Structure formats: C-alpha cells, structure tokens
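Enquirer: Okay, here's the structure, questions in a sec.
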C-alpha cells in the first residue's frame, strides 16, 4: 500500500465537502492505494487520455480508493471516479444525460481494464463510476452494469431502439448482433477478444461523436431523458407540457428541418480503416 496524490502526473482531487461540494474541482488530497491496483489504474488513465480528444486534464476527482468498509475498497483495490476537469470543460458523472458520448467513450476504456465497472444507472452509482478487479474483464449477460452499458451504447451511439433496463433479452441481443456485424466483430460478445474489440471501437467512435456540436434535437432528447427520471407525481404534467411543445405545428415544422451533423456509417468506416 502506498500514498498518492496524483496519477500519471494528474492531480487527484476530492470534492464531497461543504467547502468543496460535489461537482466542483475540489482540492488535491493523498489517497492510500494497493501497488498492483495503482499500475492498472495508471495504464487505464493513460489509454483514456491518449484517445480522448480533450487530452490530459487538470484534475481527476475521486470519492475514494482505500475506505474503511467491506469489499475491494478495504484493500485499496477500488476506485470511485466522480469527475474529470479539463481547462475549458468538465465531465461530472451525475450529468450523464447531458454528456452521454464523452461518458460512454471513457467507460468503454474503463471496461477494458476492470472487470467491475458500476455506472450511472446502476443503483447508488449515479454520481460516480466504481471500478475494481474482483472479477476478470469479460462480458457476462447476467451482469446488470455491463448490460446497462451495452444497452446505452446501442441506443446513444449506434442508434438502436432498445429498452435500457440491465436485462439482456432478445431485443438487446438482436441489436448487438447487428452492431457486431457492422463493426466486423466475430460473435459471441462473451468471448473476451470480441468484447475487447467492441470496447475499443466503441470508445473511438464515441470520442469522435463527442466532438460534434450539440444539436437542438439532442437537447430535446436530453430534456425528455430528464423528464423520464422525474417522480410520477411530477412526470405527467411536465411530459404533457413537453409533448404540447414538440407537437405544436410550428415547432414540429422547425424540428423537421434539423439534421444530425454526423454520418454514423461513414464514421464507422473511417474508424474501421484507420
């Protein structure tokens, strides 16, 4: 076990205090960590920032590494990632709805290195990623978090209509087969080499898409996603107001003139041949 306050020269910050609340860049701190786990973490972040179009950040925010509780945290072998801060941009994990592509690009690489990655829709993990090596890297259909990841990239990156519920059913499997065929990846996804290739290609595609200027269509989709998270008592009234706006003749006419800026098929071709 050793004490660190940076990873690969990037300062490690903590922001879960009254004077440094969640969502701010916080302050640099020392954290205890297992030596072997640290090496994997260093390799992971090196790959993330080598591929991320934003480059090296000013700070990485963690909610903890070695923590006096059960599980991998008790051995300094788990990492809770709250946020990443660059000079002109930040990724705060609680804001997944507004930063889906950047979030999923980073998560794709996290999953190449850690068998356990608990993400935004996993219970009690909306505000951080939890990563540890307690299981080997692979895709298991029974894994709720891994299936939530798969369903979200199928939906938000590859444009497939799947229910995001963490359950691998016929709809999810069918869409996955279509995407694997398009990416020239052999099946099944449960073969480690196939899964790693999928993660690698998905990260590259997500990062390129994240550079596109956000369109009004994406903003409307973000708003609808937020509405769907509201308590039932509020959801109906807000949904009615949203639908009356979208269904308005003039609004609908305007929406139909808007096109997404990227050509996904051409983008996939360029990634496959690069």
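Throughout, read-outs are computed from the coordinates displayed, never taken from laboratory work. From a predicted model like this one, the values you see are computed outputs, not experimental measurements. Cβ atoms come from the backbone with ideal geometry, glycine included; neighbour counts cover every protein chain shown.
Enquirer: Between 205, 214, 116, find the one with the highest GNM mean-square fluctuation for the chain; connect C-alpha pairs within less than 10 Å.
Expert: 214
Enquirer: Modelled label-to-label distance, residue 211 and residue 167, 7 Å Cα→beta-carbon offset: nm?
Expert: Here the answer is 4.0 nm between the modelled labels.
Enquirer: Can you give me the angle between helix 264-273 and the longest principal axis of the chain, using Cα atoms only, in degrees from 0 to 90, rounded to the nearest 10?
Expert: The answer is roughly 40 degrees.
Enquirer: Right, another one. Would you mind computing, in nm to one decimal, how far apart the modelled labels at residue 42 and residue 30 are, each placed 7 Å from Cα along Cα→Cβ?
Expert: Using points 7 Å along Cα→Cβ, the separation is 1.9 nm.
Enquirer: In whole angstrom, note down how far apart the Cα centers of the range 171-197 and the range 214-265 are.
Expert: Each part reduced to its Cα centre gives a spacing of 31 Å.
Enquirer: Another question about this same structure. May I ask for the angle, rounded to the nearest 10°, between helix 100-113 and the longest principal axis of the chain, with both axes built from Cα atoms and the value confined to 0 to 90°?
Expert: On a 0 to 90 degree scale, this one is about 40.
Enquirer: To the nearest µm²/s, what D does Stokes-Einstein give for the chain at 10 °C and 1.306 mPa s, using the Kirkwood radius over alpha carbon pairs as Rh?
Expert: Working: Rh = 19.9 Å.
It diffuses with D of about 80 µm²/s by this estimate.
Enquirer: Angle between the Cα long axis of helix 192-210 and the longest principal axis of the chain, 0 to 90 degrees, nearest 10?
Expert: 70
Enquirer: Please provide three numbers in whole Å: the alpha-carbon extents of the range 216-258 along the principal axes, with the largest listed first.
Expert: 33, 19, 7
Enquirer: What is the extension gain from residue 181 to residue 221, computed as 0.36 nm multiplied by their sequence separation minus the C-alpha to C-alpha distance, in nm to one decimal?
Expert: 11.7 nm
Enquirer: Helix-derived [θ] at 222 nm for the chain: sum -39500 (n - 2.57) over DSSP H runs of at least 4, divide by residue count, nearest 500? Each step should come with its number before you reach the end.
Expert: On the way: 9 runs with 122 residues, N = 274.
After summing the helix terms and dividing by residue count, I get -14500 deg cm²/dmol.
Enquirer: Okay, moving on. Could you list 250, 43, 82 in order of exposure, starting from the residue whose Cβ has the fewest other Cβ atoms within 10 Å?
Expert: Values: 250 7, 43 13, 82 23.
Ascending Cβ contact count within 10 Å gives the list 250, 43, 82.
Enquirer: A further question follows. Please work out the C-alpha center-to-center distance from the range 129-156 to the range 7-70 and express it in whole Å.
Expert: 21
Enquirer: What is the order of 252, 145, fewest Cβ neighbours within 10 Å to most? Don't skip to the end; give the middle numbers.
Expert: Numbers: 252 11, 145 22.
Lowest count first: 252, 145.
Enquirer: At a Förster radius of 35 Å, what calculated FRET efficiency corresponds to the Cβ-Cβ distance of residue 240 and residue 141, to the nearest 0.05?
Expert: Details: r = 37 Å, r/R0 = 1.07.
FRET efficiency, residue 240 to residue 141: 0.40.
Enquirer: When you count, for each residue, the other Cβ atoms within 10 Å and take the mean per peptide, how do 95-105, 134-144 rank with the highest first?
Expert: On the way: 95-105: 20.9, 134-144: 14.6.
Descending mean neighbour count gives 95-105, 134-144.
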